[in-house]
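The values are calculated or read from the model by the stated rules, or taken from the named source; none is laboratory data. In this text, all values refer to a predicted model and were calculated from it rather than measured experimentally. No Cβ is skipped: glycine too gets one built from the backbone with ideal geometry, and neighbour counts run over all protein chains shown.
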Amino acid sequence: MDLELSDEQVWLSESVTTLLERAWPPPEAVATAKDEQRRRVWDRLVEFGALTIGAEDGLGAAELCLIARALGTRLVSVPFLGSAAVRMAVAPFLERMSDEVNDALAGGVGVSLAQLEPGSSSWFDAPATEARRTGEGLELHGEKVAVEHVEAADWLAVVASLDGQPTLAVLPTSATGVIRETRRSFDETIPLASLRFDGAQLSQRDALAPALGDRALERLGTIGALLAAAEAVGAAGAVLELAVRYAAERKQFGRAIGTFQALRHLLADMYVRHSSGWSTVLYAAASLDDDADDAARNASVAKAYVSRSAREIAHGALQAFGGIAFTAEHPAHRFLRRIVVRERQFGDAAHHERILGAQLATRAGAVPRALAEASLP
């Protein structure tokens, strides 16, 4: 497994960074971004090839994580996470889905992922939303919450149950029977909505067969966790860079505060956490691209580590900035908000630590497999 970025990957990262610098406002001004700016930067990302996934020369998990990191660095507001995760998750099963879904996912349309439900503790809970068989088609019934970028996406990917088994159903956001309601978001750069499905119609091939649903959702959880972690790493790296720059410029007692030993140790610890977090994400992405048997476990390690380290980096930056960081005008709180939102998606640190602990205990023979699995949510 080669963990060094190739020349093409370096060029990809630099090109996306340049694109975002030209098309998206700086972090301190993201609150003023207009809908047309969101559409413009999304169109440019699609034109650049950010959704070219699954083809022989398409992007893999490592390249998608590079893009996600760049988006987190600039706090960009586009439906990339759901669009990329869904495409990569269903890529091996597209021939089993309808031509309409194939055409949509092969193109540059945005996809909004509807996974959480009212009262659910995480997206890993069994879905209450149902895809019910009605003759030759399906009807979708249920409710989803915290659905990102519904207004910017043309299609929905809905985690539901079909014949009592989990599945992923794909349908247009404009479908009859899909009722949306805008909700407040902790991170205003990630617009959220709740959805109610009141008999939304779709064909049987618009949803994965029950035999494939588990496999697709496992892939979705793995790549989704990595992309969320990569975006959090980008946000953490950006706020760390701001803190280092501020420490070099801000003076007390005639000296830059960055020369004070306590702050130097704090910034050094933040740097180590950031570098380690990005390394875990890259390693997990490389193992997923190599179809390694431990790819899902590596993704859990990355998500668990980054979920804690990115938040600690943001908290450390707030200490370095002092009182100014607690004002609405300073961008530090915006990075923290993005980190917190991504931390909660696709399982938080505690969830993935329980998974890893159960796997290690089972492997060591410390507890029976059934008992270890029973401890998971």
(message) For His141, only one of the following conditions fails: (1) outside any strand (DSSP E or B); (2) modelled with pLDDT of 95 or more. What is its number?
(response) (1)
(message) Suppose we keep only residues that are among the small types (Gly, Ala, Ser) and at pLDDT below 90 within segment 9-40. Which one would you say is surrounded by the most Cβ atoms within 10 Å (Cβ to Cβ)?
(response) Ala33
(message) in contact with a Leu (Cβ under 8 Å, 6 or more places away or on another chain) and among the polar types (S, T, N, Q): is that true of Ser276 in this structure?
(response) no
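Count, please, the residues in segment 120-138 that happen to be in a strand (DSSP E or B), closer than 22 Å to Glu181 by Cβ and of a type in the set (A, V, I, L, M, F, W, C).
Within segment 120-138, residues that are in a strand (DSSP E or B), closer than 22 Å to Glu181 by Cβ and of a type in the set (A, V, I, L, M, F, W, C) number 1.
One line per residue, one yes/no per condition, for (1) under 20 Å from Glu241 (Cα atoms); (2) without any contact (Cβ under 8 Å) to a residue 12 or more places away in the chain; (3) over 19 Å from the mean Cα position of the chain (by Cα):
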residue: Leu263; (1), (2), (3): yes, no, yes
residue: Ala268; (1), (2), (3): yes, yes, yes
residue: Tyr283; (1), (2), (3): no, no, no
residue: Asp289; (1), (2), (3): no, no, no
residue: Ala295; (1), (2), (3): no, no, no
residue: Ala302; (1), (2), (3): no, no, no
residue: Arg308; (1), (2), (3): yes, no, no
residue: Ile313; (1), (2), (3): yes, no, no
residue: Ala325; (1), (2), (3): yes, yes, yes
(message) Restricting to segment 242-258, name every residue that is assigned to a helix (DSSP H, G or I) and at positive phi.
(response) none
(message) Looking at segment 7-54 only, could you name the residues that are small (Gly, Ala, Ser) and either farther than 20 Å from Ala84 by Cα or assigned by TED's automatic domain parsing to the domain that holds Glu151 (or both)?
(response) Ala23, Ala29, Ala31, Ala33
(message) Quick check on my filter: what residues within segment 259-298 are out of contact with any Gly (no Cβ under 9 Å at 6 or more places or on another chain), part of a helix (DSSP H, G or I) and among the aromatic types (Phe, Trp, Tyr)?
(response) Tyr271, Tyr283
(request) Would you check which residues across segment 173-200 are farther than 25 Å from Arg337 by Cα and either free of Cβ contacts under 8 Å to residues at least 40 places away in the same chain or hydrophobic (A, V, I, L, M, F, W, C) (or both) and list them? (result) Ser174, Ala175, Thr176, Gly177, Val178, Ile179, Phe197, Ala200
(request) Among the candidates Ala152, Ala175, single out the residue that is closer than 16 Å to Arg205 by Cβ, touching a strand residue (DSSP E or B) at 6+ places or on another chain (Cβ under 9 Å) and part of a loop (DSSP other than H, G, I, E, B). (result) Ala175
(message) Anything in segment 199-241 that is surrounded by fewer than 20 Cβ atoms within 10 Å (Cβ to Cβ) and at pLDDT 95 or above? List them, or say none.
(response) Glu241
(message) Going through Ser194, Ser185 one at a time, which residue ends up being modelled with pLDDT of 95 or more, closer than 30 Å to Arg334 by Cα and surrounded by fewer than 22 Cβ atoms within 10 Å (Cβ to Cβ)?
(response) Ser194
(request) Need at least 3 residues that are under 30 Å from Gln201 (Cβ atoms) and touching a residue at least 24 places away in the same chain (Cβ under 8 Å) per element, so show me which helices (runs of 4 or more DSSP H) inside segment 28-117 make the cut, counting only ones lying wholly within it. (result) 35-48, 80-90, 99-106
